[in-house]
Structures are given as structure tokens and as C-alpha cells.
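To start, the structure itself, in C-alpha cells.
The values are calculated or read from the model by the stated rules, or taken from the named source; none is laboratory data. For clarity, every value in this text was computed on a predicted model and none was experimentally measured. Quick reminder, even Gly has a Cβ in these numbers, built from the backbone with ideal geometry, and neighbours come from all protein chains shown. What goes into the accessible areas is simple: the full protein's heavy atoms, side chains included, and nothing from ligands, DNA or RNA. Shrake-Rupley method; radii C 1.70, N 1.55, O 1.52, S 1.80 Å.
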Amino acid sequence: MTWLTQQDIPMGGKIPVGDAAAAVFIWLQDNGALAFDAISVAMEGLIDGVLWVLQTPNPLIVIAVLVALTWGLQRNWKTCLFVALGFLFILNQGYWEETTESLTLVLAACVVCMGIGVPIGIAAAHRPRLYAAMRPVLDLMQTLPPFVYLIPAIIFFGIGMVPGLMATVIFVVPAPIRLTHLGISSTPQPLLEAAQAFGGTPSQTLWKVELPYALPQIMAGLNQTIMLSLSMVVIAALVGADGLGVPVVRALNRVDTALGFESGFIIVVVAIILDRMLKMERKS
């Protein structure tokens, strides 16, 4: 057993974790080209569509629509004022284009992550064994350094927004799965029994009891999806994704303190704006 404590492990004794992962990626690249091309085309279409919506109109029109959306969600004029001032500050600093590109990455990640995470979370809440089997995988997805996801993303999707989006989705999707599972599984038993007593089918119970009760948790999952997606903006810039991560990386390469703080502060402003827009609390 002395070979386990040696710094230089003999070639025959080392467990080939890295080699096994590389073999899997090579096999997927050789046999899944059509699937990855289809995913790439779909993601590019989603990204181009969101980017067109955000960049084609005048920025003031986009800001007005976002403020109106905030009013519809929050019904709070102070929050609307904060959102308006935040976006106007971004426009004043000259980061509107980069902000819309980052918002595109975030919104696309939200669509994909919530579309995958919410159904899986519901299924896991109704099947405890499924969630028990999924938990180690979710732990691995959240704890593995995000930079590691960039390697297969580049292999399968090349350089650009798509690999940044896919790496973001892999890192972020456990959050909506976990919070949706928490919301559905924490539905009070008396509510479920009342629905069954009134003859509710499982689908009716889900739509009329469980999902309304779990909505704050699901919205918290959306909030976490947005925050985690923003945390990937700089990392995604390393594989060619446009957005606010680009000036941060440029500032790092130049050791430019002013540019780094300026672009980093804009990311913070965007994060706070989105958090205030989507904040939801359970009403007593």
C-alpha cells in the first residue's frame, strides 16, 4: 500500500480518471456529431432571437419595456425607478451593447435551465428514489470547477456564444432542479389530502395545489439561475462569448484597474436589477 502515499504514483497503479473522461468525450465527438450540430443550431437561433429583440429597438424603448415588466411583476414604483436608473446608468457608461449580449446569454440560459430543471424537479419530488440517484450527479455538476466545462464545450460546439451557453447550463441547471424539488416536496400534506378528497386527479393536484404553493421556490430557482449565469459571464468570455465578460478579460490582460472595476461594477448593477425585478416572497 506504500504506492498510495507516494508522490509519483507508478503508471500501472494510477486510476485512469482523466483518460476515461477523454475517451468518453472522443466517443461522443465521433458518434454524436449530428446531435451536437442540432443543439448548436437551436441554441444559435435562441441566442440570435433574444439578441435581436434587445438590440434592434432604441435602448430607451427596451428600458421602458423592462420597467413596465417590472411594474407588472412587482407593483412597486420604487423598484421600477431603481430598474430605470440602473439601465440608464449602464447606457451612460457606454456598456449597453455588452449588457444586452450578457442579458442574451442569461435569458437563454434561463429558458434552457428552467425548461429542463422544473420538469425534472417535479419528477424528483414525486419519486424520492429518483432524487436520491440524482443527488450525487447534481453535487458533481455544482462543485466541479466551471472552467472544466469549457473544455468539452469547445470540443463539441467550437468557439462563440454557444459553448459559453452550454457550459453555463451545465453549471446552473442543478439550482432550479433542487429548488423545484424543495417547493413541490414541501407542499403541506393537508392541502394534498383536501385535493384528493375533492376528487382531484394527480395532474389537477399538481397544477392547482403543488405548483401554486411551490411558485416562490421556483421563482427562487429562477433567481439563482440568473445570478449563477451572470457569474459565468466572465468565464464564458474565455471561449469567445460576447458580453460584459470581454472587457473584464481585457482589463485582466492589460492590468487595467479602471476598466476592470468599471465593467465589474456594471455586472453587479445588472445582477441587482434582475434580482429586484424577479424577487418574489410568499404571502402570508
Inset, instruction - Would you give the gap between the C-alpha center of the range 238-274 and the C-alpha center of the range 75-109, rounded to a whole Å? - result: 15
Inset, instruction - Could you bin all the Cα-Cα distances of the chain into 10 Å bins starting at 0 and give me the percent of pairs in each, rounded to whole numbers? - result: 6, 22, 29, 23, 14, 5, 1
Inset, instruction - Please find, in a Gaussian network model of the chain (springs between Cα atoms separated by less than 10 Å), the residue of V209, V17, V162 whose mean-square fluctuation is greatest. - result: V17
Legend entry - GNM top mover of F87, F171, F198 - the chain, alpha-carbon springs below 10 Å: F198
Legend entry - Where trypsin sites (Lys or Arg not before Pro) in DSSP loops with at most 16 other Cβ within 10 Å are excluded, longest remaining stretch of the chain: 76-278
Inset, instruction - Sum up the lysine pairs in the chain that clear both bars: alpha-carbon distance under 30 Å and a spacing of 8 or more or different chains. - result: 4
Inset, instruction - Please work out the FRET efficiency for the pair L130 and A20, using the Cβ-Cβ distance as r and a Förster radius of 25 Å; give the result to the nearest 0.05. - result: 0.45
Inset, instruction - Please get the size of the charge dipole for the chain, origin at its Cα centre, with Cβ charges of +1 on Lys and Arg and -1 on Asp and Glu, quoted in debye to the nearest 20. - result: 1000
Inset, instruction - Subtract the Cα-Cα distance of W52 and W77 from 0.36 nm times their separation in residues, and report this length gain in nm to one decimal. - result: 6.2 nm
Legend entry - Accessible area per residue in Å² at 1.4 Å probe, computed on the chain: 56
Legend entry - Kyte-Doolittle at least 1.6, axis length at least 15 Å by Cα - qualifying DSSP helices, the chain: 59-74, 146-157, 161-172, 257-278
Legend entry - Estimated distance in nm for a label pair at A84 and K208, the labels positioned 7 Å out from Cα along Cα-to-Cβ: 4.1
Inset, instruction - Would you calculate a helix-derived [θ] at 222 nm for the chain, using -39,500 (n - 2.57) for each DSSP H run of n ≥ 4 and dividing by the full residue count, to the nearest 500? - result: -26000 deg cm²/dmol
Legend entry - Selection from V270, A68, G158, by position along the positive dipole direction of the chain (Cβ): A68
Legend entry - Segment A68-A33, extension gain: residue separation times 0.36 nm, minus the distance between their alpha carbons: 8.3 nm
Inset, instruction - Select from V118, V24, V239 the residue whose mean-square fluctuation is largest in a Gaussian network model of the chain (Cα-Cα springs shorter than 10 Å). - result: V24
Inset, instruction - Multiply the residue separation of N92 and T257 by 0.36 nm, subtract the distance between their alpha-carbon atoms, and state the gained length in nm to one decimal. - result: 57.4 nm
Inset, instruction - Quick one: pull the percent of accessible area on the chain belonging to carbon and sulfur, 1.4 Å probe, ligands and nucleic acids left out. - result: 68
Inset, instruction - Find which of V233, S203, N92 sits farthest along the positive direction of the dipole of the chain, computed with +1 on the beta-carbon of Lys and Arg, -1 on that of Asp and Glu, about the Cα centre. - result: S203
Legend entry - Listed residue (G121, W27, A194) projecting farthest to the positive dipole end of the chain, Cβ model: A194
